Amino acid sequence: MLTEKMKAPEFTLTDKDGNKVSLADFRGKRVVLYFYPKDNTAGCSKQASLFAELNDKIEALGAVVIGVSKDSEASHRKFAQKYSLPFTLLSDPERIAIEAYGVWQEKKMCGKVGMGVVRSTFIIDEDGNIEKTMYNVKSDKNPAEVLGLLEAKK
């Protein structure tokens with residue numbers, strides 16, 4: 001598991017339009033990097049919508065929001081359009097960033113055990129170091145919690 005003050009793992013993934021996006025592209029800004037299980041599910045839709053509502057405040061604090069899941073670019077395009085998401089969604093079907101950040105874990109759902117993305121958020125500072133790690137976050141509470149952390153460290 002990653003811890004605070006560690007160098008954030010670098011990655012390059014594609015966004016909803018097929019453009020390559022790297023963590024290094026955001027050097028000089030704080031990055032709210034959140035991993036979620038699947039587009040268009042109740043919890044993921046709620047979390048994305050709340051991040052969208054807070055996006056202007058987050059950007060005013062010098063940070064950007066980036067969401068990552070295993071979903072395809074096409075799925076992200078529909079998801080972003082459906083919920084008017086103003087931030088970047090990255091597709092990670094090969095689990096490059098998902099595994100580098102340690103969010104691919106064993107999960108229990110309906111009595112079954114399997115592997116999946118554990119909803120997690122990382123705040124990365126302007127120099128690419130992990131400022132805050134949050135594993136197993138609640139979809140309806142995480143965006144406001146992130147905003148509070150960003151405000152406390154402005």
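The values are calculated or read from the model by the stated rules, or taken from the named source; none is laboratory data. Every value quoted in this text rests on a predicted model; they were computed, and no experiment measured them. Please note: Cβ atoms are built from the backbone with ideal geometry, for glycine as well, and neighbour counts cover all protein chains shown.
Here A144 fulfils each of the conditions (1) without any contact (Cβ under 8 Å) to a residue 60 or more places away in the chain; (2) surrounded by fewer than 19 Cβ atoms within 10 Å (Cβ to Cβ); (3) outside any strand (DSSP E or B); (4) out of contact with any Ser or Thr (no Cβ under 8 Å at 6 or more places or on another chain) apart from (1). Screening E4 on (1) out of contact with any strand residue (DSSP E or B) (no Cβ under 6 Å at 6 or more places or on another chain); (2) modelled with pLDDT under 95; (3) more than 22 Å from G116 (Cβ to Cβ) shows it passes everything except condition (1). One residue is enough: does the stretch 104-115 have a residue meeting the conditions farther than 20 Å from L149 by Cα and either surrounded by 16 or more Cβ atoms within 10 Å (Cβ to Cβ) or in contact with a Ser or Thr (Cβ under 8 Å, 6 or more places away or on another chain) (or both)? There is at least one residue in the stretch 104-115 that is farther than 20 Å from L149 by Cα and either surrounded by 16 or more Cβ atoms within 10 Å (Cβ to Cβ) or in contact with a Ser or Thr (Cβ under 8 Å, 6 or more places away or on another chain) (or both). Has the stretch 68-88 got at least one residue that is crowded, with 17+ Cβ neighbours inside 10 Å, assigned to a strand (DSSP E or B) and in contact (Cβ under 8 Å) with a residue 60 or more places away in the chain? Yes, the stretch 68-88 contains at least one residue that is crowded, with 17+ Cβ neighbours inside 10 Å, assigned to a strand (DSSP E or B) and in contact (Cβ under 8 Å) with a residue 60 or more places away in the chain. Of the residues contained in the stretch 44-58, one or more are found to be in a helix (DSSP H, G or I), of a type outside the set (D, E, K, R), at pLDDT below 95 and under 24 Å from L147 (Cβ atoms).
Out of curiosity, is A100 surrounded by 14 or more Cβ atoms within 10 Å (Cβ to Cβ), under 21 Å from V137 (Cα atoms) and in contact with an Asp or Glu (Cβ under 9 Å, 6 or more places away or on another chain)?
When the stated conditions are applied, A100 passes them.
Residues in the stretch 120-136 that are more than 16 Å from K154 (Cα to Cα), at pLDDT 95 or above and assigned to a loop (DSSP other than H, G, I, E, B): G128 only.
Looking across the stretch 102-144, the residues that are on the phi > 0 side of the Ramachandran plot and out of contact with any Lys or Arg (no Cβ under 7 Å at 6 or more places or on another chain) come down to G102, C110, G111. Considering the stretch 34-53, and only residues there that are of a type in the set (A, V, I, L, M, F, W, C) and surrounded by 17 or more Cβ atoms within 10 Å (Cβ to Cβ), the residue that is nearest to E99 (Cα to Cα) turns out to be F35. If I filter the stretch 25-37 for residues that are closer than 19 Å to K141 by Cβ, without any contact (Cβ under 8 Å) to a residue 24 or more places away in the chain and outside any helix (DSSP H, G or I), do I get at least one hit? Within the stretch 25-37, none of the residues are closer than 19 Å to K141 by Cβ, without any contact (Cβ under 8 Å) to a residue 24 or more places away in the chain and outside any helix (DSSP H, G or I). When the stretch 89-119 is filtered for residues that are part of a loop (DSSP other than H, G, I, E, B) and either closer than 19 Å to V31 by Cα or touching a Phe, Trp or Tyr at 6+ places or on another chain (Cβ under 7 Å) (or both), the ones remaining, listed by number, are D92, R95, Y101, G102, V103, V118, R119.
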